[in-house]
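Read-outs throughout are calculated quantities, based only on the coordinates presented, and are distinct from any laboratory measurement. As the structure is a prediction and not an experimental result, all values here were calculated from the model. Reconstructed Cβ throughout: ideal geometry from the backbone, glycine too, with neighbour counts over all protein chains shown.
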C-alpha cells in the first residue's frame, strides 16, 4: 500500500478554482459561449440551406476532379445518399456543423502553434506534454467543467471536440516543418533568405503534405467526439446513437453508427485527395 | 559573359583596392560541441592543451585548426581532402552557414566574421553564390523558379529576373527546361540548375561544395569542361571543394590539401604532384600517378592492337 502520510489532494483547489472562475468571470464565459454559438448557428444555417443533392454532386465532383476514378467517386457520393435514406440527414448536418466549427477553430489555433513549436524549442518543450494530456485525458474530465462554464448544448461540445482534435494539427505542422531536408534549407540560407523568407518560401510549402495530413487527422478526431458530445446535449448523429443504446434498439443504433462512419469516410477521402495535390510534383 | 561582369570580377568589388585578395582567411578555427550548454570561446583556441583535450574527448570535434589562406582575384582555388577533413566546414564558414569559433574571414575587403545578421543577409544576396553537392533545389518550384530564387529573395524585379534566368539557363545548356520540376531531371541536369542559380546572382565569388561528386564519371567530366569554359569568360573567384584529385588537377589554378582540419600543403596542382609535402599528400598523389600509369598502359596496349574502344576508368 502507498503510505498514508504522503497523501495529498489537488481535488479541493481544482474545485475551488473552477467555482471561482464561474463566479468571477461568468459574463466573460457567457460572451465567449455566445460568440461560438452564433458562429456555429451560422455554419449550421449555411449547411442546412444547401440542398441534399448539391452535397452529393459536390462530393462526386471533388472526388472525380482529384482522383479521376469513376467508380470510387460514385461509391463515395452514394454514402451521403444512404445517410439520407436512413432518415438521418438533418442529424448529420447538425453533427457536421459542430465538426466544421471545431475544426476551423482548431486550425486557427493549431497552425500558428505548430509553427511556433517548430521554430522555438522552449515552446515545443512546454507544448508537447500539454498535447499528450489533451489527447489522453478522459474527455469526461473536461466535459463536466466545460459544461459548468459554458452551459449545456453545442458550445461545450465544440470546445470538448476542439480540445480532443487540436493536437494532431499542431504536431503534424511542427513535424512537417522539421522534416524539411537540410540541404534545401541550407541553400535558401546561402542565397540570403531571412528567417521569415525561409519559413514562407521553403519550409511551409515543403511541410504542406504533413500539415494537410494533420488537418485530416484533426477532422477524424473531431468525428470521433460526436457521440460523446451528444452526452452533454449536442444534437446530431451522436444523440441518435445514444438514444438507441438507451432503448437497446440495435438496428437503429447501427444505422446511426454507420452514418457516422460514412461521414468520416467521405471527409477523409476528400481531404486526403486534396493533400495529394499539394505534394511536390514527381514529374 | 557580358563586359561589365568581366570587369567586375577582375577588378573586384567597387571600392576594393586593385590586387586585393578575393578571400582572406586568417587563423580560422571551428570546434563543434556536442554537449548541451558547452561552448568554446574564441580565446580558448589559443590554449593548446585544451584544444588537444577537446579533440580527444567525446564531447567536441575540432573540425578546423588554425586555417589561413589567401585566394587571389579570379582564380579557381581547390580545397582537397578526405571526408571529415574539414573542407565542408571551411566552405560553409565563408558565408557563415557554419559559425567559426575564432578567426577572421575577409572577402573583397569586407570582414564577414564581424557582420551582423542584416549585413550577412545582404552579403549572401549580393557578393557570393554557392553550388551544393546535394543541389538543394526546391522540389515544389520549377527550374525557372529555382534559378530565380536568389533574385526573388533579394527583391529583384520580376521581369529582370526572368531575363537573367533565361540567360543563365542558356549558359548551362538547359534552355527549354524552364517549366520542368527538379524531380523530372537527372542528377547532372539538376546540378546545371544549381549552377545556373548561382551564376544568375552575378556575384564575384562562387563557392562550390563537391558539386560534381554525386554524378557519374562521364557527366562529371562534361560539367567540369563546361565550368572551365564558363570560367574562361567569367573570371570569377571560385572556391572549389572536392575529394577528387583529378578534378582538382583539371579545374584548379591553385590548391590546398586539408587533413584533420589543418592545411598541409598549398600550391599549384603541378607543385603538389611533384613535391608532396608529407605522407598524406603523397598517398593522395600516388593514387593519381598509379591511375595515369595504368591509363597509359591501357592506351599503349590498345594502340599496339587494333583501334581500341574508349576506356573509362
* To do: Neighbouring Cβ atoms within 10 Å as the yardstick, rank A:184, A:10, B:200 fewest first.
  => A:10, A:184, B:200
* Asked: Over the stretch A:113-172, what number does the Rg to Rh ratio reach, with both radii from the alpha-carbon atoms and Rh per Kirkwood?
  -> 1.06
* **For chain A, calculated [θ]222 nm from helices alone, where every DSSP H run of n ≥ 4 adds -39500 (n - 2.57)** => -27500 deg cm²/dmol
* Asked: If you line up the Cα atoms of chain B on their principal axes, what length do they span on each, largest first, in Å?
  -> 63, 56, 41
* Can you give me the Cα centroid spacing of the stretch A:129-167 and the stretch A:217-283 in angstrom? -> 18 Å
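Quick one: divide the alpha-carbon radius of gyration of the protein assembly as shown by 2.2 N^0.38 Å and tell me what you get.
Working it through for the protein assembly as shown, the quotient is 1.29.
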* At residue A:124 and residue B:44, where each label point lies 7 Å from the Cα along Cα→Cβ, what is the point-to-point distance in nanometres? -> 2.3 nm
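Beyond 28 Å, what share of the Cα-Cα pairs of chain A is found? Please give it as a whole percent. Walk me through the numbers before you get to the answer.
Values: 18989 of 39903 pairs.
That fraction is 48 percent.
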* Structure fact -> Here the gain from full extension of residue A:261 to residue A:20, 0.36 nm per residue of separation minus their alpha-carbon distance, amounts to 82.7 nm
* To do: Quick one: order B:50, B:24, B:151 by neighbouring beta-carbon count within 10 Å, fewest to most.
  => B:50, B:24, B:151
* Asked: Given a cut-off of under 8 Å on Cα pairs at least six residues apart, what relative contact order in percent is computed for chain B?
  -> 23 percent
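Before anything else, pin down the relative contact order of the stretch A:8-277: Cα pairs under 8 Å, at least 6 apart, normalised by residue count, whole percent. Display every interim value, and only then the final one.
Details: 306 pairs, mean separation 64.5, N = 270.
It comes to 24 percent, rounded to a whole number.
Just from its helices, what would the mean residue ellipticity at 222 nm be for chain B, if runs of 4 or more DSSP H residues each count -39500 (n - 2.57) and the sum is divided by every residue, rounded to the nearest 500 deg cm²/dmol?
The helix contribution divided over chain B gives -12500 deg cm²/dmol.
What do you get for Rg/Rh over the stretch A:1-159 if you use C-alpha atoms and the Kirkwood form of Rh? Each step should come with its number before you reach the end.
Working: Rg = 21.6 Å, Rh = 19.7 Å.
Answer for the stretch A:1-159: 1.10.
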* Asked: Taking springs between alpha-carbon atoms closer than 10 angstrom, which of A:224, A:54, A:207 fluctuates most in the Gaussian network model of chain A?
  -> A:54
* Structure fact -> Ranked by GNM mean-square fluctuation in chain B (Cα springs under 10 Å), the top entry among B:160, B:261, B:173 is B:160
* Highest GNM mean-square fluctuation, chain B, Cα pairs closer than 10 Å: which of B:260, B:232, B:30? -> B:232
* For residue A:141 and residue A:4, FRET efficiency with R0 = 22 Å and r from the beta-carbon atoms, rounded to 0.05? -> 0.30
* Asked: Roughly speaking, what is the centre-to-centre gap between the stretch A:69-110 and the stretch B:123-171 when only Cα atoms are used, to the nearest Å?
  -> 44 Å
* Structure fact -> Most exposed to least, judged by fewest other Cβ atoms within 10 Å, A:89, B:29, A:196 sort to A:196, A:89, B:29
